[in-house]
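Right, one structure below, let's go through it.
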Amino acid sequence: MPPDSRPRLTVLSGPSGVGKSTVVAHMRKAHPELWLSVSATTRRPRPGEKHGVHYFFVTDEEMDKLIANGELLEWAEFAGNRYGTPRTAVLERLESGEPVLLEIDLQGARQVRESMSDAMLVFLAPPSWEELVRRLTGRGTEPPEVITRRLEAARIELAAEPEFDMTLVNTSVEDVARELLALVAVV
Ligand SMILES: Nc1nc2c(ncn2[C@@H]2O[C@H](COP(=O)(O)OP(=O)(O)O)[C@@H](O)[C@H]2O)c(=O)[nH]1
Ligand SMILES: Nc1ncnc2c1ncn2[C@@H]1O[C@H](COP(=O)(O)OP(=O)(O)O)[C@@H](O)[C@H]1O
């Protein structure tokens, strides 16, 4: 792909548990310079998650303010919590010509499609429904009722796959990470 036809803004979406974070971590291990937007969320941190690294963990009131002040490029409610992309950091990166990667849900991807028409929307799909359930359950980070809620969302997300520019099936983390790295132009 010639450099100037590469997308500057790439959105990675897919159902909870499909392996988005695992793939992105793999990409960044090989290319620490790859910039990933850090979202704000009202969800509680999981063990090991750090404020400002995995997410900016905010209160409901703080999220209200971020939204009211127009500080989010997009935001959505997902399985009982709100998540949003801080606008300024993304725009600064894009203005300086650096590739930007967003890992956000379907509703967020749709908003980005509306506001940034040249964004590349990539859907990460599981090899099968059974494997998605296995991964989400096996991760062990959510109680059963939250898993149920996330699987309900997953049905809707999987049905929206045709809206995306490209689908990658997460069978092999290495393969998907390689394909995405080529796409986001980190060489
Ligand atoms: N719209 C939107 N979705 C986000 C954002 N940050 C994370 N998400 C999505 O919110 C969903 C839940 O994220 P999380 O609670 O971290 O669970 P996980 O993706 O299963 O590890 C996932 O689909 C994320 O991609 C954001 O800034 N905006
Ligand atoms: N290609 C893969 N094969 C097998 N297990 C995987 C694969 N990708 C991710 N996983 C596992 O699936 C679980 C969910 O992955 P995670 O990256 O947290 O998903 P997401 O960020 O999409 O919610 C984790 O336990 C992870 O180790």
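The values are calculated or read from the model by the stated rules, or taken from the named source; none is laboratory data. Only a predicted model underlies this, so the values are computations on that prediction, with no experimental measurement involved. Backbone-built Cβ (ideal geometry, glycine too); neighbour counts: all protein chains shown. These area figures cover heavy atoms from the full protein model, side chains too; ligands, DNA and RNA do not enter into them. Shrake-Rupley method; radii C 1.70, N 1.55, O 1.52, S 1.80 Å.
Computing FRET efficiency as 1/(1 + (r/R0)^6) for residue 49 and residue 173, where r is the C-beta to C-beta distance and R0 is 25 Å, gives about 0.80. Using Cβ point charges alone (K and R +1, D and E -1), the dipole size of the chain about the Cα centre works out to roughly 500 debye.
The mean of 1/r over all distinct Cα pairs in segment 48-125, once inverted, gives the Kirkwood hydrodynamic radius of 13.6 Å. For the Cα trace of the chain, dividing Rg by the Kirkwood Rh returns an Rg/Rh value of 0.94. In percent, what relative contact order does segment 102-170 have, based on Cα pairs under 8 Å that are 6 or more apart in sequence? With pairs under 8 Å counted, the relative contact order is 52 percent. Over all orientations, segment 31-85 has a Cα convex hull whose mean projected area works out to 4.4 square nanometres. Using alpha-carbon pairs under 8 Å, 6+ residues apart, how would you state the relative contact order of the chain in percent? About 36 percent, as a whole number. Extension gain for residue 165-residue 152 works out to 2.3 nm (0.36 nm per residue, less the C-alpha to C-alpha distance).
Using θ = phi - 60° in the Karplus curve 6.51 cos²θ - 1.76 cosθ + 1.60, the 3J(HN,Hα) couplings for segment 150-163 round to 5, 6, 4, 5, 4, 4, 5, 5, 4, 5, 8, 3, x, 6 Hz; x is entered for Gly and Pro. Averaged per residue, segment 3-183 has 52 square angstrom of accessible surface, using a 1.4 angstrom probe with ligands and nucleic acids left out.
Look at the dipole of the chain built from charges on Cβ: of 151, 97, 25, the Cα furthest out on the positive end belongs to 25.
Bridgeable lysines around residue 65 (alpha carbons under 25 Å apart, same-chain partners fewer than 8 residues away excluded): 50. With Cα atoms defining each centre, segment 83-113 and segment 31-58 are spaced 14 Å apart in the structure.
Could you tell me what percent of the DSSP beta bridges with both partners in the chain are antiparallel, to the nearest 5?
Numbers: 8 of 24 bridges.
Just about 35 percent of them are antiparallel.
Students sometimes get this wrong: rank 31, 51 by accessible area, probe 1.4 Å, all chains present, largest first. Provide the component values of the computation, followed by the final result.
On the way: 31 45, 51 120 Å².
Ranked from most to least accessible, the order is 51, 31.
Each of 141, 63, 184 was scored by the projection of its Cα onto the charge dipole of segment 44-187, and the greatest displacement toward the positive side belongs to 141; charges sit on the C-beta of Lys, Arg, Asp and Glu.
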